[in-house]
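Here the structure comes first, spelled out in structure tokens, and everything after it is commentary.
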Ligand code: SDX
């Protein structure tokens, strides 16, 4: 359509400007020409937390927040969760197409051949306190991987990038399992490449003295589905960090460690752990109204609720609720689910939540399943980070080949002091320091 333009009148100068509209957006740099005098820098946009700013163009994941739609490379999440293995979805996210049987067989073989870690990295992990939070161990160990693969810094070489992608996807469950075993003072279990991705992870977590670990197929499938649901989610906080750190051409291990740090935050991936602590604190259904009252007074947040994009039910939460019932058939019902269901029922009928379009997100029910499967709450975000590594890497490699790519370096609106003369130390009077 030829009227895909925006005409702006600057009332300071009565000048008008016409800028092109591109896929529902305008280029912020097109505003720079709008000046109020020769030495004016030109207009910028001010958008803290990027509430209304596209940082990139991406073909990986599509979200419709109003309709609660999530698609990976165009395929609805519901169908992928129903019919695919996790590594099949990983292939789709990274390559843009679902693999043929041969491609999938080769991909499975390649990833499962890169599950071992250097023996020195185990010594590194042994250096953590016994009660070190698994996310801190994971973040530190992934960063340490960059010292074992110095070739990874060659990020301009496609073959080199792919080798690091396979290494990170293969090794993430191993590092996560070793963080868990270290916590319990148990010996590390070597990966078993004959097992699928989830069963191998369970093997390294829970194998004892039996010659070969046999995973419960229902729990293994549930883990694969949960991994699929957590694999990518367009430009969320940790993925934005992956893109920003990657834009400086840091190696993918250091970049992934930064993304892990962002995911750990309780407002992001750390929420699944906080949901369990919240449900423990509430304790029983009769205490839900008092808790909801605290939330409405702004004293607490209903963890696992709300989302920057979804203003409808998070489609992943809907699937996770179904998976929970399947897991409980094996593990027995986790009573926390009844508190969570009642909390959801009450919240979704309360004006405070309805008006703010707050619905359960991916973190609301996932921890209840993880706990039923035997994971401790401080491992829940690790279970988010393992699959999200695929999304981070898919977005990282897309950023590196983007013709628009430049190092991420936002501008600012300066609100500090104007130029002033230096005051020698001997002439500075006593004054109340304004703490930042
Ligand atoms: C993930 O971005 C992604 O895609 C993330 C993710 C992914 O897959 O990568 O989906 C994973 O991080 C899910 C979100 C997990 N976090 C939580 O569950 C923590 C609880 N949720 C909130 O902190 C919050 O909803 C956020 C952080 C998720 C979103 O915050 P926004 O978009 O900045 O919204 P906001 O804080 O400005 O809230 C708008 C209003 C406010 O009320 P008013 O000031 O208008 O009165 O809604 C209220 C907020 O107080 N609100 C909540 C609330 N979330 C928002 N009130 C109570 N409980 C909450 N959980």
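The values are calculated or read from the model by the stated rules, or taken from the named source; none is laboratory data. The structure displayed is predicted, hence computed values, not measured ones. A quick note on method: Cβ atoms are made from the backbone with ideal geometry, for glycine too, and the neighbour counts reach across all protein chains shown.
The single condition among (1) part of a helix (DSSP H, G or I); (2) buried (at least 20 other Cβ atoms within 10 Å of the Cβ); (3) near the ligand (Cβ under 9 Å from one of its atoms) that residue 367 does not meet is (3). Just one of (1) assigned to a loop (DSSP other than H, G, I, E, B); (2) over 25 Å from residue 198 (Cβ atoms) trips up residue 147, so point out which. (1) is the only condition that residue 147 fails. If I ask for residues that are touching a residue at least 12 places away in the same chain (Cβ under 8 Å) and either under 19 Å from residue 310 (Cβ atoms) or not assigned by TED's automatic domain parsing to the domain that holds residue 310 (or both), which ones from the stretch 342-356 would you list? Residues satisfying the conditions are 343, 344, 347, 350, 352, 353, 356. Do you know which of the residues in the stretch 30-59 that are on the phi > 0 side of the Ramachandran plot and away from the ligand (no atom under 16 Å from the Cβ) is modelled with the highest pLDDT? Checked the stretch 30-59; the qualifying residue modelled with the highest pLDDT is 42. In summary, helices (runs of 4 or more DSSP H) completely within the stretch 179-281 and bearing 3 or more residues that are more than 22 Å from residue 120 (Cβ to Cβ) and within 12 Å of the ligand (Cβ to nearest atom) occur at 237-246, 252-264. When each of 379, 395 is tested for being surrounded by 21 or more Cβ atoms within 10 Å (Cβ to Cβ), assigned by TED's automatic domain parsing to the domain that holds residue 170, more than 16 Å from the ligand (Cβ to nearest atom) and assigned to a helix (DSSP H, G or I), the lone residue that passes is 379. Taking the conditions (1) modelled with pLDDT of 95 or more; (2) more than 6 Å from the ligand (Cβ to nearest atom); (3) under 27 Å from the mean Cα position of the chain (by Cα) in turn, residue 293 satisfies each one other than (3).
Residues satisfying the criterion are present in the stretch 343-361 (criterion: outside any loop (DSSP other than H, G, I, E, B) and away from the ligand (no atom under 15 Å from the Cβ)).
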